[in-house]
1. When the helix-only estimate is applied to chain C (DSSP H runs of n ≥ 4, each -39,500 (n - 2.57), divided by the residue count), what is the mean residue ellipticity at 222 nm, nearest 500 deg cm²/dmol?
2. Defining a contact as two alpha carbons under 8 Å apart and six or more residues distant in sequence, what relative contact order in percent does segment B:83-226 show?
3. Evaluate the Kirkwood expression for the hydrodynamic radius of segment B:1-134, namely the inverse of the mean inverse distance over all pairs of different C-alpha atoms, and round to one decimal in Å.
4. Seen from all sides and averaged, what is the projected area of the convex hull of the Cα atoms in segment C:137-262, in nm²?
5. Dividing the alpha-carbon Rg of segment A:108-219 by 2.2 N^0.38 Å yields what?
6. Roughly how many nanometres apart are two label points built 7 Å out from the Cα toward the Cβ at residue B:62 and residue C:143?
7. At a threshold of 8 angstrom on Cα-Cα distance, excluding pairs fewer than six apart, so keeping six or more, what relative contact order does segment B:5-250 reach in percent?
8. As a check on your grasp of the helix formula, calculate [θ] at 222 nm for chain A: sum -39500 (n - 2.57) over DSSP H runs of n ≥ 4, divide by the residue count, round to the nearest 500.
């Protein structure tokens, strides 16, 4: 009995991420202090809330949405209208710190409206309805130009609004801190929601809606409440987007935004609370940094996503967690070297593949394919055979060693060990 | 024993397209009684359960639970009015542990509904009742084992536990001993008797040993109709039953 | 007005037949495998690009046959080495896999053929006016598309109704679990159906790429509309896909070609051109056209999830 009561009680030690992460978030702008970096970190924070809210649906309730940007975007638009009202009133009215709340309420409102028609069924029907609602709202955003500002979008001025604490939000650092504060609040709330009766029953409905009915719960209602709360946090993220960018256009409600949050959340790992956090951070960083280095970044994204879906459906965090568990249970003993070899071979293979893709982009897409271009520190000629041969050779050698040598070796070793253990 | 009826079925019919599976069932189940429904394969026993528990809609007739109509109510509403059921195929929250399964089953009956402002683990009454149920189920040592890793017999026990946990006064068990060995089946019967206590119990069962051990009264369902209802003794001596059902299996 | 109606019906039917070429494959794949192939329109796009490149070497007529076969082969490879692996994780990962695949195919197409449209043109043999309607020319190529679609529908019908393979597919549309029990190699059947469905989409691309435009955005343009069609027709139903294709085709073409708004037709009734309903009242039909399919999609899923002809709910 003693073991039962101890289960799930968060020991103080387990709270360390909640202390460490804010400290890191506070220190970061002092290390990366360029305007571009701070902007990036603000976007990361916003993406994290958005992904966490998305995972309330996908991971916790088993609802795959293709239209979550609707709540992000509509939250952003409503928040922007309020900001503009404050601007027009001569900087009087709602304090800037509370404008994200307007976005949250708007997200919730639209969540109630669209959620009511979406959640009757889970699975493919739900996915299709969200796709339809997403496309509907996005198309409407170009129809109703009064509210959505047409293709140019809407502008606001965050500095021309009152502050509760007398802070000047002209600098992007102070805005960043405001966003981080809201992110922390949202993250804690989303984390706590998982521990409530609703959070538990969301998992129950995900796993077995029929059983949930026979313990008294209406799966439709469980999904609806989760949907509305998720939309609320998506709207909050949208409201923060208004503060960081001071502009909203139709992209914020668009399918690309909906797709990006799905990609990020899934890449991180939908079965873990930190999964979406990691995924959203990676996607934001990659999107911003990769796109300056290479035209191929969307392709890399797609390949990464497919790779995760095919080989690691538990996501990046899941892979790390499983390896950690295996290491802790002594599963790495005697084969740590093989594991590292497997990882290394895989990385070599990926390196080769990246070389091939970069060569291809240069060869097919640049004005002059024969112009020398820099590849991994070398200057090469993409019209010659040599770089291609070397790149393909690296890719094939890497993946070959991984799949045909290292993987069977690890399987043999661990297989032999578990058999030995049983005997 | 009280003579109030826990369940009343009047002229219940169910057809799928042109095929009539349940062809006018009238059945009264007394409060606190242990009532077993037997019948040959394909007689419609599971369908009847699905109709009572709101998993399927009746085509005609009425089902009353403690005098209130429950046909055409969705399953969760039926459950909230005091009826719970288990399934022929194990139907648990497979990814959750034993303790979590029990907690989930207790949440509604303990009045927590869709609350999103309180922690499940801090609800002492839920924890207490879950632990108590676990002990009665002999599953305490497995508290933190995911349901999908339990043995078949343990899963069936847990399912009975979850069914009881949801606070129902009327409990429907669909073949609780299906696919079990003699000794396992005996254990489950004892478990059922221990767990259900004063509750009204309706069981679908194939195993006649189990039936006669458990039942206060028995109903025989053949081709969608109840051909006899009575005490085990009545049923044993009923010529129609012997012909339609027992005759083929008893000797 | 009569001209507009006749003309938009003709063009709508044309558009509808193109939609049917894609939706028939998609609905077959869904009915059988339970996979909603997000990348289906990407195979349509591949059909157009393959035919364009092949056509430069072999001419249009050879490409018309080879390109769909190539697309089908790509589909078979995708199923064999991708989907089959993901299948064990369930339907949601399958959906996600095809979702990612759509991104990758679009990028690869942009990589090899560039982001601007390629000059994929109709063959000279079909480049003449077939008939004239209300002073508007109707080209032979459009007639040809109709013929291809009719041939495809007849071929599909014969295949499904008159052959053994068709019986297996039909049977599995209503009871996918029984195919294996009857002794068929389920993974192989899945692969062939997926490849076949992709080849149909590829055929759509071969003619559609000429009729519309061949650029990397064409999959993204078509994808959602094809979903609307299969949902409206009823997931898994080929006749449903045909009817829904024509409905959507005609409806959208009609809205695009007529120039009316509620305010113009009925009168302003003193409603100002502002506010939600006011804007809607004064909105021209052409601007409503892009929203229409999605409105239909959502309404269908809410009120009749099994679509017009579907037997099972999605």
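Bear in mind these aren't lab numbers, they're just calculated from the coordinates by the rules spelled out. Being a predicted model, the structure only gives us computed values, none of them experimental. Note: ideal-geometry Cβ built from the backbone for every residue, glycine included; neighbour counts use all protein chains shown.
1. Computed ellipticity for chain C at 222 nm equals -23500 deg cm²/dmol.
2. Dividing the mean separation by the residue count of segment B:83-226 yields 31 percent.
3. 17.0
4. 10.1
5. In units of the 2.2 N^0.38 Å rule of thumb, it is 1.52.
6. 7.0
7. After rounding, I find 27 percent.
8. Calculated mean residue ellipticity at 222 nm is -24000 deg cm²/dmol.
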